[in-house]
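Coordinate-derived values only; no laboratory data. Just so it is clear, the structure is predicted and the values come from calculations on it, not from any experiment. Don't worry about glycine lacking a Cβ; one is built from the backbone with ideal geometry, like all the others, and counts go over all protein chains shown.
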Amino acid sequence: MIGLAASGRTPYVIGALAAATEVGAATVLISANPQSEYRDSVDVNVALNTGPEVIAGSTRMKAGTAQKLALNAFSTAVMIRLGRTYSNLMVHVAATNDKLRGRLIRVLVQATGLSESVCTQALEDSDGEVKTALVVLLTGSPVKASRDALAAAHGVVRDAISAVDTAHPVEGH
């Protein structure tokens, strides 16, 4: 449970964190108050020392911006940890419209260095599954073997590529 409280003492945030603690959940408090009286009652205290606001009482400015940056960093780390990325590319995206299909083809081109037409065909052959297409393109393995490797690797592209390369080495890889 992550609680956001610029002051470090917002009652409903502190209450939610206490309830999370009671049921055994890990807790994080993100605040702009390094001296929050609740800093020791959470598992992780992220105290962003932003100093006083330009306009007193307006926590949406410095404190709110700092908290947003902390959440962006956290969510990015979570996406990486869950295998939603390959290198610096987001690969856990469903190609549900033309705009997203175009984005995924550009991702495949960037990740592989292959032509747009080759990447488009691989994405089509993979039923729009960019992770599967990426494993196919980088290992030369068939769609089913790539999909199976991804399933065994819990969707982590890098692990699936290693598994496929180990099982069926492709020349040049």
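Distances between placed amide hydrogens fall under 5 Å for Y86 paired with V91, all partners being 5 or more residues away or on another chain. Each label point was placed 7 Å from the Cα along the Cα-to-Cβ direction; for T112 and A94 their separation is 2.3 nm. For the listed residue pairs K68/K131; K99/K144; K68/K144, the alpha carbons are over 31 angstrom apart in K68/K144.
Coupling constants for the stretch 64-74 follow from the phi torsions by the Karplus curve (6.51 cos²θ - 1.76 cosθ + 1.60, θ = phi - 60°), and in residue order they are x, 5, 4, 5, 4, 4, 4, 5, 4, 4, 5 Hz; glycine and proline get x. Over the chain, dividing the summed -39,500 (n - 2.57) contributions of all DSSP H runs of at least 4 residues by the number of residues returns a 222 nm mean residue ellipticity of -16000 deg cm²/dmol. Using C-alpha pairs under 8 Å with a sequence gap of at least 6, the mean separation divided by the residue count of the stretch 85-167 gives a relative contact order of 22 percent. Positive end of the dipole of the chain (Cβ unit charges, origin at the Cα centre): among A25, G64, I14, the Cα lying farthest that way belongs to G64. Among V156, V42, V130, the residue with the largest mean-square fluctuation in a Gaussian network model of the chain, with springs joining Cα atoms closer than 10 Å, is V42. The Rg/Rh ratio of the stretch 52-173, with both radii computed over alpha carbons and Rh defined as the Kirkwood radius, is 1.17.
When the charge dipole of the stretch 85-167 is built from unit charges on Cβ atoms (+1 for Lys and Arg, -1 for Asp and Glu) and taken about the Cα centre, the candidate among T132, Q121, A94 whose Cα reaches farthest toward its positive end is A94. Per residue, the average separation of C-alpha pairs within less than 8 Å and at least 6 apart gives the stretch 2-81 a relative contact order of 26 percent. Using a cutoff of 8 angstrom between alpha carbon atoms and counting only pairs six or more residues apart, the relative contact order for the stretch 1-156 works out to 13 percent.
Coupling constants for the stretch 133-142 follow from the phi torsions by the Karplus curve (6.51 cos²θ - 1.76 cosθ + 1.60, θ = phi - 60°), and in residue order they are 4, 5, 5, 4, 5, 7, 10, x, 7, x Hz; glycine and proline get x. Report the full-extension gain for the segment K68 to L82: residue separation times 0.36 nm, less the Cα-Cα distance, to one decimal in nm. Length gained between K68 and L82: 3.0 nm.
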